[in-house]
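The values are calculated or read from the model by the stated rules, or taken from the named source; none is laboratory data. Predicted, not measured: the structure shown is a model, and the values here were computed from it. Reconstructed Cβ throughout: ideal geometry from the backbone, glycine too, with neighbour counts over all protein chains shown.
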């Protein structure tokens, strides 16, 4: 599964774009989180690997901005691997290794729809990738 972040601008948010993509591509899309209102919004979704390219192209052709990949950035110079972020992550995107180092799994991250690790970091080493 691949996580994609879909950004809808206000002029297209009223259209049933997600439904159209699902029907046109005959592809399952798992919506993990959504924040949408009349002025725009975002959907974080998972799509099966074999559908990813087609789904991305379909959304883009309908005017949706699509991001794939890691949604957080960790500034290695600021991070002291204190682990304050670890306990806040609801999806296991952050782990503490056997040597007590912190490892981030960006592909599991909910990104801007969550942001708990960002608030928890006392050194402000974590940020959302825009």
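Before moving on, here are some points about what is shown:
- Single match in 38, 73 (criterion: closer than 30 Å to residue 12 by Cβ and within 14 Å of the chain's Cα centre (by Cα)): 73
- Residue within segment 76-95 that is exposed (fewer than 14 other Cβ atoms within 10 Å of the Cβ), under 30 Å from residue 15 (Cα atoms) and in contact (Cβ under 8 Å) with a residue 24 or more places away in the chain present: no
- Test: residue 58 is assigned by TED's automatic domain parsing to the domain that holds residue 6 and assigned to a helix (DSSP H, G or I): yes
- From the list 91, 13, the lone residue that is in the same structural domain as residue 119 (by TED's automatic domain parsing) and either closer than 21 Å to residue 111 by Cα or in contact with a strand residue (DSSP E or B) (Cβ under 8 Å, 6 or more places away or on another chain) (or both) is 91.
- Looking across segment 52-67, the residues that are surrounded by fewer than 19 Cβ atoms within 10 Å (Cβ to Cβ), without any contact (Cβ under 8 Å) to a residue 60 or more places away in the chain and on the phi < 0 side of the Ramachandran plot come down to 52, 53, 54, 57, 60, 61, 62, 65.
- Taking segment 1-43 as the range and being assigned to a loop (DSSP other than H, G, I, E, B) and in contact with a helix residue (DSSP H, G or I) (Cβ under 8 Å, 6 or more places away or on another chain) as the test, the residues that pass are 1, 27, 28, 29.
- Residue that is surrounded by the most Cβ atoms within 10 Å (Cβ to Cβ) [pool: residues in segment 96-107 that are within 14 Å of the chain's Cα centre (by Cα) and not in a loop (DSSP other than H, G, I, E, B)]: 104
- From the options 19, 35, residue that is exposed (fewer than 13 other Cβ atoms within 10 Å of the Cβ) and within 25 Å of residue 91 (Cα to Cα): 35
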